[in-house]
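The values are calculated or read from the model by the stated rules, or taken from the named source; none is laboratory data. Since this is a predicted model, take the numbers as computed values, not measurements. Here the Cβ positions follow ideal geometry from the backbone for every residue, glycine too, while neighbour counts run over all protein chains shown. Protein only, heavy atoms only, side chains kept; ligands, DNA and RNA dropped before computing areas. Shrake-Rupley method; radii C 1.70, N 1.55, O 1.52, S 1.80 Å.
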Amino acid sequence: WGLVNTVTGGLFQSNSLTESWFLEGLATHYEGQLGTHQGRPHSPVWKGFFESATQALGGDFHGGYLHPGHRRMDPFGGNYLTGSHFVGWLAERYGEDKLWRLVGAQGDSLLPPVAVTLRFRSVYGRTIGALFEEFTQELSRDLKPRQRPATQRVLSAQVGAFARLAASPADGAVATVDIGREEVVRLTVRERDGSLRLSRPLTQFLPGRRWISTHPLNMSGLSFTADGRFLYLLAADVDVLGSNLSRVWRVDAHSGEVERTWEGLTGMGGSVTPDGAAYVFVHVEGDTTNLVRLELASGERTPLTHFEGQHSLGPPAVAADGRIAFAQSTEQGWNLALRETDGTVRALTWDGHFNYAPRWLDDHRLVFVREHQGRWQAHVLDLSTGGEPLCLTDAPHLVMDVAPRGDDIVFLNREGFDFSLDSAPLLARARRLDRRVERENVRLERDALDNSRDL
């Protein structure tokens, strides 16, 4: 193959017949090298999934966790999730040059799929199995188990391998679209205390079905109307020819019946306006995304932002007065922005803490997820004071889809290889952090006074 590539100028990709975990792990690892805040290795979701799995296993992964078909590593796949961490460890421990020496050895070999582990031995002095065992031993040695804090309460211990969530501002009901490894996708609504209101399967098989794909990965923008009567969401689907399409669903929150859908959209959710008159979603066209308002009575669509070029937006949330909070990708990573009622857009955060998925707590506060000490945690931001976001949770590994319910918040908590449905007090941790900041400020003032006296 080296001769063929010399003559043809690169007909055969040197890494194409390496196992998937190395091929995809290498690509994902270097995806994280493209910029300070770019790529999956920087994502707290990526890190939280792997950290949770590591704690569940005590770091004792076996080679099967590198396989794309290992169900415990869904929805990302072991070749991507475990592979990227293993390749990253190889680069850190043995240097990047050896990664590329291995790639070169693969490309120059006569039979690239054969004797791959011997090429690892020639480059690293150890086989793949020995290297992976060293990797897992280091994971076990460095593991620092984390537990829920006493303030974090479990409403449901199991909501599947993956899920999406919304909470009703009217009665505190919680809706999830969830899937298990041995269960079909279900729409589940629980009362405020965690008791089951309804659970309906969403998978359809017979001809004439209204939709095809229902995986929670394809669901976004779950939101209740202000009266809690209806749940809205945007489902990414495929048509009969396999082309992408999206549709908005309106679901009766007490029966689980999908009453109506709006077709022909391209994008992701999304938030229903509190009065239930419209749905605001992220419209995708090429490399550009913008907020669009869909009038539910007429189907009319009105662009709300006018970004151009490569611009990525995250899910919006609509306030009672029409202001819209949303996430956008910036040079500093994901940050929150606010569209005022007059159409102007201003930044709410500007840092590298992966600010995402805002929801309105009241007319001047937002709850959202933000990286804190390397993990996605729930935060609250007071727009009226312009202060720093305050952390509300100390979940062990990962918080997703945080939603306010009056005096508490609910969220998806990653535990092991699955999610649980948890709640936490709205301001208990924030108040503790406030007091800690006050004590620190007092200490700094005292130190400054002492220093001035010394001078």
C-alpha center-to-center spacing [region 387-408, region 289-337] in angstrom: 22
- prompt: Given the Cα-Cα distance of LEU118 and SER199 and 0.36 nm per residue of separation, how much length would full extension add, in nm?
  reply: 23.9 nm
message: Between ASP227 and GLU388, how high is the FRET efficiency from 1/(1 + (r/R0)^6) when r is the Cβ-Cβ distance and R₀ = 51 Å? Nearest 0.05.
response: 0.90
- line: Note on region 340-436: contact order normalised by length, alpha-carbon pairs under 8 Å, 6 or more apart, percent, works out to 18
- request: Please calculate how many Å² of accessible area region 357-424 carries per residue, with a 1.4 Å probe and no DNA, RNA or ligand atoms counted.
  value: 27
- prompt: Listed highest first by mean packing, meaning other Cβ atoms within 10 Å per residue, what order do 92-101, 201-210, 161-170, 282-291 come in?
  reply: 161-170, 282-291, 92-101, 201-210
- prompt: Treating the beta-carbon of each Lys and Arg as +1 and of each Asp and Glu as -1, no other charges, what is the dipole magnitude of region 145-197 about its Cα centre, to the nearest 20 debye?
  reply: 220
statement: So for region 220-344, using the alpha carbon gyration tensor with a ≥ b ≥ c as root eigenvalues (a/c under 1.5 gives rounded; past that, a/b versus b/c decides prolate or oblate), I'd call it oblate
- request: Grab the Cα-Cα distance for GLU295 and ASN244, subtract it from 0.36 nm times how many residues apart they are, and report the gain in nm with one decimal.
  value: 16.2 nm
field: Listed residue (GLY48, LEU66, SER122) projecting farthest to the positive dipole end of region 31-137, Cβ model
entry: SER122
query: Quick one, what does Rg over Rh come out to for the chain if you take C-alpha atoms and the Kirkwood Rh?
result: 1.01
statement: Using eta = 0.692 mPa s and T = 37 °C, Stokes-Einstein with Kirkwood Rh from Cα pairs puts D for region 1-121, in µm² s⁻¹, at 213
- prompt: Rg and Dmax of region 83-143 over Cα atoms: what are they, in angstrom?
  reply: 12.2, 42
- prompt: Going out from 0 in 10 Å bins, what whole percent of all Cα-Cα distances in region 211-286 drops into each bin?
  reply: 20, 54, 23, 3
message: Please report the carbon-and-sulfur percent of the accessible area for region 1-79; probe 1.4 Å, protein heavy atoms only, DNA, RNA and ligands left out.
response: 55
query: When N is the residue count of region 88-206, what does its C-alpha Rg come to as a fraction of 2.2 N^0.38 Å?
result: 1.78
- prompt: Rounded to the nearest 20 Debye, what is the dipole magnitude of region 1-75 about its Cα centre when Lys and Arg each give +1 and Asp and Glu each give -1 at the C-beta?
  reply: 80
message: Taking loop as defined by DSSP and a crowding limit of 16 other beta carbons within 10 Å, which chymotrypsin sites (Phe, Trp or Tyr not before Pro) in region 359-388 fit?
response: none
- prompt: Where only protein heavy atoms count, and the probe is 1.4 Å, what is the accessible area per residue for region 22-109 in Å²?
  reply: 41
